[in-house]
Amino acid sequence: MVSRYIIQYPLLTGQAGNPPAPEEAPVKPPRYFAASTVAEASDILTAEEGAYVIAGGTDLVVRMRDGLIRPAVLVDIQRIPDLAAVGGGDGHLRIGATVTIAALLESVQVRHLAPLLAEAAAQMGAVQLRNLATVGGNLASAVPSADLAPPLIVLGAVARIAAAAGERTLPVEEFFVGPHRSALRRGEILTAVEVPLSGEGSGAAFAKFGRRSAQVLAVVNAAAWVRLRQGVVEDVRIALGAVAPTPLRVRAAEDLLRGRPPDPRHLDEAATAAVRETKPISDMRASADFRRHLSRVLVRRALERAVGRAREMEQTHAL
Ligand SMILES: Cc1cc2nc3c(=O)[nH]c(=O)nc-3n(C[C@H](O)[C@H](O)[C@H](O)COP(=O)(O)OP(=O)(O)OC[C@H]3O[C@@H](n4cnc5c(N)ncnc54)[C@H](O)[C@@H]3O)c2cc1C
């Protein structure tokens, strides 16, 4: 039924103008399907072997070009209404999965209610990439360095996941299973993330180190969220990216700060403890040792800025 809407999508195969060498098996171009509802997308993802969701394509198409994946069908979810919306209500901010990084950065609601996400978005890719790349794609690619993962984890965000059969939710912290492996099951689509609104006296910050200042994946990234009450840390969440098979929340480091004043000594201790929870690898971007060093520096930096912002919030409310 659905297959009559499927068309060939040869541009993504890299075959146009570049015929395969005679000994190479020809790569069959994937069929392309533009879904208009989540149920329609889910049906085809369930029915077709080798079907992949495509959103901005900035991760998927690179992996196809590099021969890492060979989708048989691409299911485009960008025409599904609602998935591209940002909206508030019930104490949270809802960000649709196909909201682009550029839209996230420009959204007045995001800047006002979850400025940490705008801070991270500003450090992702460059203009061209931000215009295509989506929030859902950043998470669903399940890359350990995904820049939105640590901020969403420390904000306590929840992933909304839908399939033809129904909907479920999962804390973003539990969404990642391993490199390129998320908790999504066959036929499921990430439809949105919901970010609880942080209360009075809280502040958050993001810090990233890349090999250059734009168009680059993080060597390490980190986010911190703190809530202060009467000069002590009432609650705190810290997360790191690119230092383990999945984005990582460092709970032992958090435990060292809860109930203590956020002075330089305690921030140093927490940053040092965070390093002990990491499991970095050496790769073409950095050695494991350098990643451990960066983890301490970036956690310390993110904590200091988060505490500064929380203090500003406290002072503003006291006026
Ligand atoms: C030059 C360059 C620079 C980059 N810089 C950065 C950077 O600074 N920071 C960073 O974090 N990343 C960066 N990236 C990686 C990538 O652009 C981002 O992760 C981006 O957010 C992916 O979103 P997308 O919409 O393009 O995903 P796509 O490529 O469309 O999809 C990625 C994966 O997620 C799946 N998927 C997408 N959406 C959904 C959904 N809603 N439900 C279920 N599955 C879904 C797809 O099937 C695919 O497996 C960069 C990439 C390039 C090429």
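Express the carbon and sulfur contribution to the solvent-accessible surface of the chain as a percent, rounded to the nearest whole number, probe 1.4 angstrom.
The value for the chain is 53 percent carbon and sulfur by accessible area.
Hey, could you grab the Kirkwood Rh for segment 86-196? Inverse mean 1/r over distinct alpha carbon pairs, Å, one decimal.
Computed over Cα pairs of segment 86-196, the Kirkwood hydrodynamic radius comes out at 13.9 Å.
For segment 202-312, divide the Cα radius of gyration by the Kirkwood radius and give the resulting Rg/Rh value with two decimals.
Answer for segment 202-312: 0.99.
I'd like the Karplus ³J(HN,Hα) series for segment 147-155: coefficients 6.51, -1.76, 1.60, θ = phi - 60°, whole numbers in Hz, and an x wherever there's a Gly or Pro.
Couplings: 5, 7, 5, x, x, 5, 5, 6, 7 Hz.
Report D for segment 257-319 in µm² per second (integer): Stokes-Einstein, Kirkwood Rh on Cα pairs, 4 °C, 1.567 mPa s.
Calculated translational D: 99 µm²/s.
Taking the Cβ of VAL297 as the center, what net charge do the other residues with Cβ under 14 Å away carry, scoring Lys and Arg +1 and Asp and Glu -1?
Taking every Cβ under 14 Å from that of VAL297, the sum is +4.
Give me the number: length gained by fully extending SER36 to ARG251, i.e. 0.36 nm times residue separation minus the C-alpha to C-alpha distance, one decimal in nm.
In short, 73.3 nm is gained.
Report the accessible area of SER213, computed with a 1.4 Å probe over the heavy atoms of all protein chains in place, in Å² rounded to the nearest 10.
120
Please report, in debye to the nearest 20, how large the charge dipole of the chain is about its Cα centre when each Lys and Arg carries +1 at its beta carbon and each Asp and Glu carries -1 there.
I would put it at about 640 debye.
For the chain, how big is Rg over Rh, using alpha carbon atoms and the Kirkwood form of Rh?
With Rg and the Kirkwood Rh in hand, the quotient comes to 1.01.
Can you compute the charge dipole magnitude of segment 86-196 about its Cα centre, using +1 on each Lys and Arg Cβ and -1 on each Asp and Glu Cβ, nothing else charged? Give it in debye, rounded to the nearest 20.
260
Given springs between every Cα pair under 10 Å in a Gaussian network model of the chain, which of PHE33, PHE175, PHE290 has the largest fluctuation?
Result: PHE290 has the largest fluctuation of those listed.
For every other residue with a beta carbon closer than 13 angstrom to the beta carbon of LEU129, add +1 if it is Lys or Arg and -1 if Asp or Glu, then tell me the sum.
My count for the surroundings of LEU129 gives -1.
The values are calculated or read from the model by the stated rules, or taken from the named source; none is laboratory data. Keep in mind the model is a prediction, meaning the values are calculated, not measured. Note that each Cβ is placed from the backbone with ideal geometry, even for glycine, and that neighbours are counted across all protein chains shown. The area values use the complete protein model at the heavy-atom level, side chains included, leaving out ligands, DNA and RNA. Shrake-Rupley method; radii C 1.70, N 1.55, O 1.52, S 1.80 Å.
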